[in-house]
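Here, each number is a calculation from the coordinates, and none is a lab measurement. If you're wondering where the values come from, they're calculated on a predicted model, not measured in any experiment. Note: ideal-geometry Cβ built from the backbone for every residue, glycine included; neighbour counts use all protein chains shown.
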């Protein structure tokens with residue numbers, strides 16, 4: 001999945017263990033009924049989550065280094 005995201009110009013992501021049920025449900029919808037919208041939304045939410053974490057880390061690191 002991450003290879004597909006990166007090759008499409010998107011960020012890679014990690015599925016949080018706490019969201020495993022939602023991930024599997026979205027994946028099942030995409031697989032069984034060809035409805036990719038729930039899966040697409042789920043992946044987008046995960047990407048946004050991790051981008052927020054990285055941004056917070058960058059801000060924290062920058063302020064610690066006097067920047």
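The combined condition, being without any contact (Cβ under 8 Å) to a residue 24 or more places away in the chain and either in contact with a strand residue (DSSP E or B) (Cβ under 8 Å, 6 or more places away or on another chain) or surrounded by 10 or more Cβ atoms within 10 Å (Cβ to Cβ) (or both), is fulfilled by residue 37.
Going by the structure shown, is residue 52 free of Cβ contacts under 8 Å to residues at least 60 places away in the same chain, exposed (fewer than 11 other Cβ atoms within 10 Å of the Cβ) and more than 11 Å from the chain's Cα centre (by Cα)?
Details: free of Cβ contacts under 8 Å to residues at least 60 places away in the same chain: yes; exposed (fewer than 11 other Cβ atoms within 10 Å of the Cβ): yes; more than 11 Å from the chain's Cα centre (by Cα): no.
No, not satisfied.
In segment 1-49, what residues are assigned to a helix (DSSP H, G or I) and under 9 Å from the mean Cα position of the chain (by Cα)? Walk me through it before giving the result.
Taking segment 1-49 first, the residues assigned to a helix (DSSP H, G or I) are 2-7, 17-32, 37-49.
Passing the criteria: 42, 43, 44, 45, 46, 47, 48, 49.
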